[in-house]
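First comes the structure, then the notes that go with it.
Bear in mind these aren't lab numbers, they're just calculated from the coordinates by the rules spelled out. Model, not experiment: these values are computed from the prediction. No Cβ is skipped: glycine too gets one built from the backbone with ideal geometry, and neighbour counts run over all protein chains shown.
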Amino acid sequence: MEISKDVLAALIDGKLDWERTKAIISGEKDLDRFDKYIEILQERVPWKEKIVLPLGEHLYIVQKDREYVVKCDCGYEFGDYRVNWKLNALIHVRDTKEKLLEVYPYPESPGLPDPEYCNIREFYCPNCGALLEVEAVPKFYPIIFDFLPDLGTFYSDWLNRPLPFPTEFKDLTYDVTKEWRKELEE
Ligand SMILES: [Zn+2]
């Protein structure tokens with residue numbers, strides 16, 4: 001089934017009724033759907049770097065020169081996509097009962113986590129202030145790297161074309177935190 005860009009844009013915005021949505025989701029995927037999807041997203045962002053893969057509501061992996069970086073729709077860049085972008089976000093930790101209650105509409109609800117064991121972390125864009133991600137984790141738990149895609153494989157095996165510039169599939173997050181530790185020890 002061939003889907004027009006307008007229909008796909010409506011689907012992204014949640015503006016299609018369920019019957020149409022279901023037909024598209026269960027229909028045989030046309031090969032260029034990903035490209036159309038990227039094209040729509042690209043038209044909506046104010047910058048020129050090419051989107052390689054969307055990461056979330058506000059974040060994209062984009063090609064910048066010969067590198068791939070995480071970029072917010074406002075233009076803020078979080079650096080190499082292989083480093084957890086959360087390290088460069090503003091982090092608000094809800095680690096007291098008062099702070100947790102701010103986001104729990106029913107204070108008496110048994111679902112309120114005990115801040116001694118569980119924290120809620122909110123990650124914001126340092127430039128536009130958009131809330132990018134929320135994680136509920138045991139206290140002191142390392143920051144979660146939600147999604148490190150294998151871009152090379154995704155392009156070659158799924159899109160049947162090579163990634164413009166090869167990149168090693170490797171989590172570089174700990175290289176950064178190791179550096180931070182060194183700086184602290186100096
Ligand atoms: Zn932003």
- Query: Rounded to the nearest 0.05, what FRET efficiency is calculated for LEU184 and LEU112 with R0 set to 25 Å and r the Cβ-Cβ distance?
  - Reply: 0.15
- Message: Expected output is a single nm value to one decimal: the length gained when fully extending between CYS74 and LEU159, i.e. 0.36 nm times separation in residues minus the C-alpha distance. What is it?
- Response: 27.8 nm
- So for the pair ASP13, PHE147, with labels modelled 7 Å out along Cα→Cβ, what separation do we get in nm? 2.2
- For region 87-102, Karplus-derived ³J(HN,Hα) couplings (6.51, -1.76, 1.60; θ = phi - 60°; whole Hz; x for glycine and proline) come out as 5, 9, 9, 7, 10, 10, 9, 9, 10, 10, 4, 4, 5, 6, 5, 4
- Assigned charges on the beta-carbon of Lys, Arg, Asp, Glu; the chain dipole about Cα centre (debye): 200
- Message: Here is the link list: LYS36/LYS178; LYS64/LYS86; LYS48/LYS178; LYS36/LYS99; LYS50/LYS99; LYS64/LYS97. Which ones come out longer than 31 Å on Cα distance?
- Response: LYS36/LYS178; LYS48/LYS178; LYS36/LYS99; LYS50/LYS99; LYS64/LYS97
- Counting only Cα, what are the radius of gyration and maximum Cα-Cα distance Dmax of the chain, in Å? 19.7, 62
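Kindly provide the GluC sites (Glu not before Pro) of region 62-166 that DSSP labels as loop, not H, G, I, E or B, and whose Cβ sees at most 14 other Cβ atoms within 10 Å.
Counting only loop positions with at most 14 other Cβ atoms within 10 Å, the GluC sites (Glu not before Pro) in region 62-166 are GLU102, GLU108, GLU116.
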- Report the extension gain between GLU67 and ASP175 in nm, rounded to one decimal, defined as 0.36 nm multiplied by the number of residues separating them, less their alpha carbon distance. 37.2 nm
- For region 36-90, run through the trypsin sites (Lys or Arg not before Pro) and keep only the ones in DSSP coil with at most 15 other Cβ atoms within 10 Å of their Cβ. LYS48, ARG66
